[in-house]
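Working notes, beginning with the structure itself.
Quick note: the coordinates plus some simple rules give every number you see, no bench work behind them. Keep in mind the model is a prediction, meaning the values are calculated, not measured. Cβ placement follows ideal geometry from the backbone for every residue including glycine, while neighbour counts extend to all protein chains displayed.
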Amino acid sequence: MLPTIWIYGGVHNDPGSRQKFLQEFAKQGTAPHFVAVEWEKSVFEHLAAWRPWIAEGLRPRWDFLTREDCDELSLALAWEGDAYANRFQNTEPLWLETGFQEADIKQRHGMDACKFAEVCACRLLEDLLNPCSPTTKEFMANIDAPSEPKSKKELIDRLWNTAWSEAFDGSGGFERDARWAVAIHERVTGLRDGWIAIVVGWTHLAPATGNQRLRDLLLSKGFSINSVRLAP
């Protein structure tokens, strides 16, 4: 019998998505065969290298955060790449973007992976320092900004709700889902029973239109799928 698939969909660089993933992942009693993650290894490594910088920049801002809290919050940067190791440290990742993401970043954003990582790190730090900046929906509705957080939980919850309120169901990019489905199917060859985990952006859990997103492509290959949307 084919391994069961658990696919977790969150928002990139979101502390709340990471926190919810850790809570959901902790419910699993046995380690997965592997964890497929939405990164190219080299790009993830560029991003992870900025985490200590984020933690240092965050420390003077909130008196309710310990040094450990700041380190934890910095792990939201590219969290999909290694959050699973908190639960199953020895599980191997499958890097879904191998051979594609660096070129895609150059084409879409006009920068190399090093600069991309810096930009992402600066944005996350800004969000952590100024979580009460109005969201687009709040601004359009002329809603007063919320009061500043008084705890780590309030800080995470604010960023979590903001990230999901501004997340959009992007259309297109279906070639990535097709490529990932092939990579996962090939990696599963020879495996029986048990389960595998997939950690990706939430739009890949279900299609906006048609059946070209990752979840449906894997269903078409005969897998049993459990989807977990890491929303508030």
Ranked highest first by the average count of other Cβ atoms within 10 Å around their residues, in what order do 175-186, 126-137 fall? 175-186, 126-137
Hey, what D do you get for the chain in µm²/s if you plug the Kirkwood alpha-carbon radius into Stokes-Einstein at 25 °C and 0.890 mPa s? 132 µm²/s
For 104-117, 147-160, 76-89, ranked highest to lowest by mean beta-carbon neighbours within 10 Å, the order is 76-89, 147-160, 104-117
Once you have the Cα-Cα distance between CYS122 and MET140, take 0.36 nm times their residue separation minus that, and quote the gain in nm to one decimal. 4.0 nm
Using alpha-carbon pairs under 8 Å, 6+ residues apart, how would you state the relative contact order of region 1-149 in percent? 31 percent
How far, in degrees from 0 to 90, does helix 113-129 lean away from the longest principal axis of the Cα atoms of the chain, to the nearest 10? 50 degrees
For the chain, the longest principal axis of the Cα atoms and the Cα long axis of helix 15-25 enclose an angle in degrees, to the nearest 10, of 40 degrees
Taking the Cα atoms only, what angle lies between the long axis of helix 174-188 and the longest principal axis of the chain, rounded to 10 degrees? 60 degrees
Using a 10 Å cut-off on Cβ atoms, rank the peptides 44-56, 12-24 from the highest mean neighbour count down. 12-24, 44-56
About its Cα centre, region 12-128 carries a charge dipole, from +1 on Lys and Arg Cβ atoms and -1 on Asp and Glu Cβ atoms, whose size in debye to the nearest 20 is 120 debye
Computed over region 151-192, Cα set: Rg, Dmax in Å: 17.6, 48
Restricting to Cα pairs under 8 Å and 6 or more apart, the percent relative contact order of region 123-232 works out to 23 percent
